[in-house]
RNA sequence: GGCGCGUUCGUCUAGAGGCCCAGGACGCCGCCCUUUCAAGGCGGAGAUCGGGGGUUCGAAUCCCCCACGCGCUACCA
């Protein structure tokens with residue numbers, strides 16, 4: 001999803017800009033939420049954007065394995081050490097008791113948190129009960145003093161220890177929670193920079209205390225500003241935090257996506273708005289990450305996408321159109337899609353497409369043999385009344401009918417239609433909409449003269465006749 | 001409720017005491033170009049820098065208070 005990918009992007013860009021390594025680790029410790037395809041989707045998303053990892057799934061490396069579910073012994077070892085040293089303890093409280101406790105705290109307006117019941121158990125008692133009862137392992141947070149976070153983005157943040165909660169670090173199924181997982185793996189994997197979303201900042205003291213208790217060196221912290229939806233709430237599935245591959249599916253280019261994501265909380269300088277990956281890899285700087293949340297602005301994404309489409313090399317553009325036609329045109333259109341037509345519309349389409357999914361509807365009229373389907377009013381709309389539309393169609397029919405099959409070319413067609421201005425006593429721009437609708441089914445799209453040429457004499461004339469007939 | 005973070009044009013942002021009666025980009029509006037729609041060119045509106053107090057010769061930039069917004073408050077990450 002967008003938020004996570006942005007964190008990955010910043011980490012990656014930072015590594016690339018500073019000659020570091022970028023490692024991909026899959027945190028799959030919640031077996032209730034395990035989705036088979038998600039690992040594949042994560043990797044595909046990153047690869048689509050061009051984010052490569054020096055170490056991780058599929059590429060391997062010295063810190064394998066890269067799935068947390070395969071590193072359980074590591075977490076258990078850390079947990080055992082902590083229990084031995086009295087910095088963690090087994091907790092036998094049931095979910096029911098925990099729920100009741102929280103309800104009571106809420107009712108009494110007490111700060112929420114584990115009440116420490118099992119912290120008071122003697123080690124002997126705990127070991128005895130552990131033989132028959134399920135348990136979690138909680139970390140015994142320091143309750144005095146303060147925990148200090150030094151963050152690149154936010155500076156110094158101080159948390160009161162007395163407000164800290166003894167969090168669960170090993171679940172009853174033996175899997176670690178995120179808190180234990182990151183600390184153990186970031187250390188084992190020699191992670192130097194923890195770059196993550198701001199929603200994590202409240203749990204930073206947990207991680208910091210864990211590092212201290214384990215005697216390990218914490219990484220450099222950088223908490224990125226949240227990405228907000230249009231409602232100014234943390235981006236949710238509803239408000240645009242869709243899987244990145246959904247953006248790919250609806251026709252966004254990776255270049256646009258990267259450019260867009262890069263500027264969500266970061267900027268290069270006071271004037272750069274268009275930035276390629278190469279420049280990002282060279283100039284990305286954590287010092288320039290801002291602290292305030294960013295609202296996801298789809299208009300800007302669309303603009304960037306259009307920009308990169310316009311910049312696309314002609315041959316890649318043709319391939320792209322061919323692909324989106326095959327995928328987006330209705331089944332009634334016979335396959336394969338004509339390569340010749342694709343090549344001819346390509347330049348006409350370039351300035352007009354914002355999302356690749358716009359392509360198919362824009363060129364559909366070229367491939368279906370049927371007359372386009374459109375509400376009759378659109379034919380008349382811009383010329384004012386039916387009588388005028390009829391005059392336009394009759395005149396166009398006469399003029400174009402005079403163009404021979406061999407002469408059916410853009411220049412001739414243009415001359416013929418421009419020749420309509422005089423007899424009709426109307427400006428071209430005024431009456432042309434009737435023709436657009438008759439041919440393409442709508443008044444906007446690729447240029448008319450080219451469309452007529454592409455359509456061929458027979459089909460073009462046929463559509464005019466049909467339009468004329470429909471007007472009575 | 002508690003804790004934390006944040007607050008510069010509608011949006012993304014520039015800004016680290018004088019260069020800022022605040023710059024760029026998207027969006028919006030207008031004009032030009034034009035076969036529609038776009039694209040492109042040119043121009044415009046748009047922020048009294050959340051509010052109030054300080055500090056200073058001088059504050060968007062430093063300090064304090066307030067307000068508002070958001071995040072966290074799980075055996076989810």
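Quick notes on this one:
- Taking other Cβ atoms within 10 Å as a rough exposure proxy, A:289, A:59 sort from fewest to most as A:59, A:289.
- The slack between residue A:394 and residue A:430, meaning 0.36 nm per residue of separation minus the straight C-alpha distance, is 11.4 nm.
- Sorting A:280, A:149 from the fewest to the most surrounding beta carbons within 10 angstrom yields A:149, A:280.
- Chain A: angle of helix A:314-328 to the longest principal axis, Cα-based, in degrees nearest 10: 90
- A Förster radius of 25 Å combined with the Cβ-Cβ distance from residue A:236 to residue A:31 puts the calculated FRET efficiency at roughly 0.60.
- Tilt relative to chain A, helix A:204-214 - C-alpha long axis, 0 to 90 degrees, to 10: 40
- Cβ-to-Cβ counts within 10 Å put A:233, A:206 in ascending order as A:233, A:206, the fewest first.
- Residue A:352 paired with residue A:152, simple spin-label distance in nm, labels 7 Å along Cα-to-beta-carbon: 4.6
- Packing, as the average of other Cβ atoms within 10 Å across residues, places the peptides A:160-166, A:390-396, A:63-69 in the order A:390-396, A:63-69, A:160-166, highest first.
- For segment A:337-472: rounded, prolate or oblate by the Cα gyration tensor [a/c cutoff 1.5]: prolate
- Tensor-based shape of segment A:152-228 (alpha-carbon gyration tensor, a/c under 1.5 rounded, otherwise prolate or oblate): rounded
- When shorter helices are ignored and each DSSP H run of at least 4 residues is given -39500 (n - 2.57), the per-residue value for chain A at 222 nm works out to -14500 deg cm²/dmol.
- Antiparallel content of DSSP bridges confined to chain A, in %, to 5: 60
- Rounded, prolate or oblate (a/c below 1.5 giving rounded, otherwise prolate when a/b exceeds b/c) for chain A by Cα gyration tensor: prolate
- A simple packing score, the average count of other Cβ atoms within 10 Å per residue, orders the peptides A:290-299, A:414-423 as A:414-423, A:290-299, with the highest score first.
- Length gained on full extension, residue A:299 to residue A:245: 17.6 nm, using 0.36 nm per residue less the C-alpha separation.
- Protection-proxy order for peptides A:399-411, A:40-52, each taking the mean of Cβ atoms within 10 Å per residue, highest first: A:40-52, A:399-411
- With a simple spin-label model that places each label point 7 Å from the Cα along the Cα-to-Cβ direction, the separation between residue A:376 and residue A:105 comes to 7.1 nm.
- Spin-label proximity, residue A:313 to segment A:263-288 - amide N less than 17 Å from point 7 Å beyond Cα toward beta carbon: A:277-278
- Antiparallel beta bridges, as assigned by DSSP with both residues in segment A:148-224, represent about 45 percent of the total such bridges.
- Simple label model, 7 Å out from Cα along Cβ direction - residue A:344 to residue A:54, nm: 5.3
- Förster-model FRET efficiency, 51 Å R0, residue A:326 and residue A:125, C-beta, rounded to 0.05: 0.15
- Seen against the Cα atoms of chain A and their longest principal axis, helix A:457-470 is set at about 90 degrees.
- Applying 1/(1 + (r/R0)^6) with r as the Cβ-Cβ distance of residue A:272 and residue A:192 and R0 = 25 angstrom yields a FRET efficiency of 0.35.
- Extended-chain gain in nm, criterion 0.36 nm per residue less alpha-carbon gap, residue A:281 and residue A:410: 41.8 nm
- Backbone N under 18 Å from the residue A:98 label point (7 Å along Cα→Cβ), restricted to segment A:151-175: A:164-175
Each reported figure results from applying straightforward, stated rules to the coordinates on display, with no laboratory input. Here the structure is a predicted model, which means the values were calculated and not measured. All Cβ positions, even for glycine, are placed from backbone atoms using ideal geometry, and neighbour counts span all protein chains on display.
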